[in-house]
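This report refers to the structure that appears directly beneath it.
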Amino acid sequence: MNKPLGVTVIRHIVDSQRLHPEATGDLSGLLNELIVAGKTISAEVNMAGLADILGMSGKTNIQGEKVQKLDEFANNTIKKRMARCGYLCVMTSEEEDDAIPVEDGYEGKYTLAFDPLDGSTNIDVNVNIGTIFSVHRRRTKWGQGSREDMLQKGRDQVAAGYILYGSSTMLVFTTGEGVQGFTLDPSVGEFYLSHPDIRTPVRSKYLSVNEGNRNYWPENIRRYIDALKEKDKEKGRPCSCRYIGSLVADFHRNLIAGGIFIYPRDNKNPDKPYGKLRLLYEAAPLAMLIEQAGGRAITDDGINILDIEPNSLHQRVPLIIGSKLDVDEAQGYLG
Ligand code: AHG
Ligand code: MN
Ligand code: MN
């Protein structure tokens with residue numbers, strides 16, 4: 001459906017809800033609360049250089065990573081707003097060891113997993129970072145949610161998306177009916193529809209991988225990545241290498257222009273045998289988005305990311321995500 005210019009994200013959400021007479025408006029309300037949190041974080045990110053909010057917080061999270069002040073700000077902004085929104089029964093954040101309860105009396109029917117700030121190592125060097133979120137319907141009947149409510153496979157997400165704090169702030173999300181992109185007009189504080197019905201190109205133009213880990217990858221992954229660099233006119237190769245180090249920014253460029261992002265397992269860190277990226281709030285939401293946009297997301301042994309049954313909140317998975325024909329080809333190398 002051709003949308004008129006200047007469609008705000010709230011207009012889009014309400015119009016989408018109208019297509020579902022059974023809808024209660026809870027998912028719309030949840031998305032709206034997330035959008036307010038995103039605008040708050042965006043304002044802080046854009047001021048970060050001035051507001052003494054750069055640098056380390058002096059804390060280390062469950063991932064064993066140093067927590068930046070902006071990580072903490074983003075995490076607290078989302079946690080506080082969503083704990084009392086009335087649409088959630090439980091949350092999980094990359095920055096919190098355990099599941100996060102909602103405020104008593106405010107229990108709702110959805111769950112939220114989020115990476116409050118993805119690409120933290122790029123905060124102090126003014127490179128794009130973002131917030132990634134994933135929404136499921138609760139499994140338990142009522143009251144505070146549980147790990148059982150959190151540990152659901154990506155196929156069952158009801159919504160997934162990210163907010164990218166870059167040269168402009170963009171919101172990209174899906175509720176299972178295609179992928180929509182909105183750009184923030186900071187002078188008005190509104191997100192306007194700028195990228196309706198995003199479809200990712202079937203062939204990659206860009207390859208995003210941290211070549212610094214090459215010596216630690218499985219042999220078949222090395223051979224596949226080398227194939228992406230071979231000249232092949234028909235496949236538009238060699239691919240150009242683009243690696244920002246913020247998954248959400250690399251993913252967004254690849255989504256729009258066509259690309260493949262690979263973070264395979266490596267034997268560099270024995271404590272991280274499945275690579276660095278987390279399933280619940282990085283791989284699974286992006287996998288829903290890429291499938292909705294015509295692409296694919298698999299592990300480095302060819303399993304569809306959306307079919308993985310999570311067994312822990314911070315479970316890591318190897319990730320190959322992007323243009324369909326290139327991910328199909330990767331599958332052939334994985335055996
Ligand atoms: P986060 O900042 O949320 O911990 O995520 C960082 C991730 C991801 O954004 C990025 O693709 C990856 O770390 C980069 O890892 P390397 O520096 O090992 O390439
Ligand atoms: Mn991250
Ligand atoms: Mn993060």
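The values are calculated or read from the model by the stated rules, or taken from the named source; none is laboratory data. This structure is a prediction, so every number in the text was calculated from the model and none was measured. Positions of Cβ are backbone-derived with ideal geometry, glycine not excepted, and every protein chain shown enters the neighbour counts.
A few comments on the model shown:
- Helices (runs of 4 or more DSSP H) lying entirely in segment 224-335 (those with 3 or more residues that are within 16 Å of ligand 3 (Cβ to nearest atom)): 247-257, 284-292
- Only one of the numbered conditions (1) of a type in the set (D, E, K, R); (2) within 27 Å of Trp142 (Cβ to Cβ); (3) out of contact with any Asp or Glu (no Cβ under 7 Å at 6 or more places or on another chain) is violated by Asp15, and that is (2).
- Residue match in segment 316-325 (condition: touching a Ser or Thr at 6+ places or on another chain (Cβ under 6 Å), buried (at least 18 other Cβ atoms within 10 Å of the Cβ) and among the hydroxyl-bearing types (Ser, Thr, Tyr)): yes
- In segment 252-273, the residues that are under 16 Å from Ile305 (Cα atoms) and in contact with a Ser or Thr (Cβ under 8 Å, 6 or more places away or on another chain): Ile260, Phe261, Ile262
- Any hit, segment 228-242, residues being within 16 Å of ligand 1 (Cβ to nearest atom) and either in contact with a helix residue (DSSP H, G or I) (Cβ under 8 Å, 6 or more places away or on another chain) or modelled with pLDDT under 95 (or both): yes
- Every residue from segment 101-148 that is within 16 Å of ligand 1 (Cβ to nearest atom), touching a residue at least 60 places away in the same chain (Cβ under 8 Å) and farther than 18 Å from Glu33 by Cα: Asp118, Gly119, Thr121, Asn122, Ile123, Asp124, Asn126, Val127, Asn128, Ile129
- Filter result for Val248 (surrounded by fewer than 17 Cβ atoms within 10 Å (Cβ to Cβ) and either over 23 Å from Ile129 (Cβ atoms) or in the same structural domain as Leu325 (by TED's automatic domain parsing) (or both)): no
- Selection from segment 250-279 of residues that are of a type outside the set (Phe, Trp, Tyr), within 15 Å of ligand 2 (Cβ to nearest atom) and out of contact with any Phe, Trp or Tyr (no Cβ under 9 Å at 6 or more places or on another chain): Lys272, Arg278, Leu279
- Residue in segment 228-241 that is among the small types (Gly, Ala, Ser) and buried (at least 21 other Cβ atoms within 10 Å of the Cβ) present: no
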